[in-house]
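Structure first, commentary second.
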Amino acid sequence: MSKNRLAEKREQFPRTAKQRPYTTWAIMAAVLVLITLSIFKLLLPPQRSQVAFAFGEPVFEPQSYVGKLVPMTEVEVRIEEAMIKIPLSLLEKYSIISFGVENDQGFVVPLMAYITPSGRVFAGSSMCGPCRGRTFSLAGETLVCDTCRTTYTIEGHEFISGSAACSAYPPFYMQPLLQDGMLQIELEKVLNWRMRTD
C-alpha cells in the first residue's frame with residue numbers, strides 16, 4: 001500500500017474517535033470530584049446555629065454574666081426634645097438598669113436597658129405580661145423575670161422556660177438611639193405603650 005493511499009484512509013476516519021477517551025476521562029474526573037465533595041460534606045460536623053442578635057450592633061465590650069445574678073438598678077432619666085435620655089455610663093456601670101415614664105393614659109410604664117453578652121444594648125419595656133412582673137435580672141445567659149421566674153435568652157428574648165402564660169410576652173424592644181454618650185428612646189413609643197396580654 002502506497003503512502004498516499006494510507007494517508008487517504010486516515011483522512012476517512014474522523015479524529016474524534018481518538019478524542020473520545022479524553023472526554024470520557026474528563027467526565028469521570030468531574031463525577032469523582034462531585035462524589036468526593038459530597039462525602040466530605042456528609043462527614044463534616046454540622047455547623048452550630050448562630051445566636052440570634054436582635055438588638056443592633058455591639059456598642060460595649062462583650063460581657064459575661066455566667067455564674068452571676070445581676071439585679072436591676074433604678075436610675076433617673078431626663079426627658080428632652082421628645083426623647084428619654086440616660087447616660088450610657090450608667091448602663092456601663094450597672095449592666096442592667098430600670099426606670100419608669102408615664103404614658104398618655106397615666107400609667108407609669110416600667111422600662112429597662114441592659115448590655116447583652118455580645119455588647120449590644122436592649123432598651124424597652126420591663127413588663128412581664130400576665131404576671132405583671134416589673135423587674136428582671138441577668139443570670140448566666142438568661143434574662144429572668146423576678147416575679148414568675150420565666151426565662152428568655154438575653155440576646156433575642158426567645159422563651160426558654162417558666163410560665164407558659166408569660167412566654168409570649170417578653171420585654172418589648174423600643175429601638176433606642178445611641179449618640180453623644182446617651183441612650184435615647186423616643187418618648188412617643190412610651191406614650192403609646194399598652195399592656196400586651198390579650
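Derivation of every value follows stated rules applied to the coordinates shown; laboratory data play no part. Every value quoted in this text rests on a predicted model; they were computed, and no experiment measured them. All Cβ positions, glycine included, derive from the backbone under ideal geometry; neighbour counts span all protein chains shown.
Computed quantities for the displayed model
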{"item": "5 angstrom amide H check on Met83, placed H, neighbours 5+ away", "result": "Leu187"}
{"item": "Cross-link reach list, aspartates and glutamates versus Lys85, counting only Cα pairs under 16 Å and skipping chain neighbours closer than eight places", "result": "Glu74, Glu76, Glu102, Asp180, Glu186, Glu188"}
{"item": "Ascending count of other beta-carbon atoms within 10 Å, so fewest first, for Met72, Met182", "result": "Met182, Met72"}
{"item": "Residues whose placed amide H lies under 5 Å from that of Val109, excluding near-sequence neighbours", "result": "Val101, Glu102, Asn103"}
{"item": "Relative intensity, log₁₀ I(q)/I(0), of segment 78-198 from a Debye sum that treats every alpha carbon as a point, q = 0.17, 0.23 Å⁻¹", "result": "-0.82, -1.40"}
{"item": "Projected label distance in nm at Ser89 and Gln105, using a 7 Å step from Cα toward the beta-carbon", "result": "3.8"}
{"item": "Order of Trp25, Trp193 under a 10 Å beta carbon neighbour criterion, fewest first", "result": "Trp25, Trp193"}
{"item": "Distance (nanometres) between label positions extended 7 Å along Cα→Cβ at Gln179 and Glu76", "result": "2.6"}
